[in-house]
Amino acid sequence: MSTLAVIPGDGIGPEVMAEVLKVHAVVEDAFGTGLKTEVLPYSADWFLEHGDVEIDIPAIGRTYGAVLLGALGDPRIPDNRHAIRIIGGLRQQLELSVNLRPVRLRTLAHCPLKHVRDVGDVDLVVVRENTEDVYVGVGGTVRGGRPGHVAMEVGVHTRWAVDRALEAAFELARSRPRHRLTLVDKSNAMPSAGPLWQSRFRALAASYPDVACDHLYVDAAAMELIRNPARFDVVVASNLFGDILSDEASMLAGGLGVAPSASYDPEDTSFFGVFEAVHGSAPDIAGTGRANPLASVMSYSLMLDRMGLRAAHRAVERAVDEVLRGDLLTPDLGGTARTDEVGDLICRAIARRD
Ligand code: ATP
Ligand code: MG
């Protein structure tokens, strides 16, 4: 079987990745996935030592079955060049058009709305186009004008990438019990990108008669996520809106400490993708043992699922459920447990069920 590239990264990245590697060892014992791991050293320290060197991203795609990516970000590199080079490089060069960000409320106690209203069954996935929109770096400032007075950031949307994100979203909606898909855009204010997303959504919907489709403008969707989050099943959006909405949605289920993500090329059958927590390197809590490792463990679990290792995936999901129902939790979830204690608890829960 294949080898996983592990990039522990910066700040809390290496702390939570250590727990993922412990979990992987237990999964390996119980399920024999045959997945080996190899640590790649790319981090702020590495870049500061080696200079701003190129990384052979296509070689990573050819060599490994997937990447487990820790957070990259360090105050010593203010423009986060190294993070952009690695994360941006992986997404763009390996054409990882699809970014999945599942949000499932496993224990009502972790929902900040619990005292406001009955939130119902919050179980949604944001499918975010991962390579385009305003993240393509097209734009500039107007020369000759007064410096700092005009700035342009161009959003690029290609039918190819839009189709890939939409198709992944339809497939996902089809595979989930509620068969529901919501397109989120701002087509009332974006007369170029809006019709592209809308028309491709309608065209694809014809091939998925079993999926119930609807549409919301992004401002309304932001509101609905708070007003009635249980109405959502799969949500599909362009890069910028998907980024913002998925952070908002993650709060419904306990926040960044439990927000996983998967990025993949839906057509690539040998490289399964990049799996990383949504959170960053959190320099404010690095080294304190307060980081929640669950977001990274859940990202690892998404990888198992994508690789078709269903029994192992289910075992990790059950272990996460069990830990979230208990009171041995990190401070972000109101507990006093350390990062490694939560990791150990996950490992024990998986080992018990093998
Ligand atoms: P980066 O520049 O790498 O994105 P950041 O300062 O934006 O880092 P994030 O990691 O995005 O920090 O998270 C914002 C805050 O949320 C952190 O400062 C931290 O307090 C909290 N946080 C993030 N991830 C975790 C986690 N896994 N466990 C506990 N708290 C977390
Ligand atoms: Mg951040």
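Quick look at the values:
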read-out: Residue among 246, 261 that alone is touching a Ser or Thr at 6+ places or on another chain (Cβ under 9 Å), within 14 Å of ligand 2 (Cβ to nearest atom) and part of a helix (DSSP H, G or I); value: 246
read-out: Number of positions in the range 172-203 that are part of a helix (DSSP H, G or I) and without any contact (Cβ under 8 Å) to a residue 24 or more places away in the chain; value: 7
read-out: Members of the range 35-67 that are touching a Ser or Thr at 6+ places or on another chain (Cβ under 8 Å) and either not charged (D, E, K, R) or not assigned by TED's automatic domain parsing to the domain that holds residue 302 (or both); value: 35, 37, 63, 64, 65, 66
read-out: Checklist (1) assigned to a helix (DSSP H, G or I); (2) outside the structural domain of residue 165 (by TED's automatic domain parsing); (3) more than 15 Å from ligand 2 (Cβ to nearest atom); (4) under 26 Å from residue 109 (Cα atoms) applied to residue 295, failing item; value: (3)
read-out: Residue within the range 233-250 that is surrounded by 24 or more Cβ atoms within 10 Å (Cβ to Cβ), under 30 Å from residue 134 (Cβ atoms) and within 15 Å of ligand 1 (Cβ to nearest atom) present; value: yes
read-out: Single unsatisfied condition, residue 85 versus (1) in contact (Cβ under 8 Å) with a residue 40 or more places away in the chain; (2) in the same structural domain as residue 68 (by TED's automatic domain parsing); (3) basic (Lys, Arg); value: (1)
read-out: Tally of residues being within 13 Å of ligand 1 (Cβ to nearest atom) and either in contact with a Lys or Arg (Cβ under 7 Å, 6 or more places away or on another chain) or of a type outside the set (Lys, Arg) (or both) across the range 264-293; value: 17
read-out: Number of positions in the range 70-115 that are of a type in the set (Gly, Ala, Ser), within 15 Å of ligand 2 (Cβ to nearest atom) and not in a helix (DSSP H, G or I); value: 3
read-out: Test for residue 49: is it at pLDDT 95 or above, of a type in the set (Asp, Glu) and surrounded by fewer than 16 Cβ atoms within 10 Å (Cβ to Cβ); value: no
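The values are calculated or read from the model by the stated rules, or taken from the named source; none is laboratory data. Because the structure is predicted, anything quoted here is derived from the model rather than measured. Counting neighbours? That spans all protein chains shown, and the Cβs are built from the backbone with ideal geometry, glycine included.
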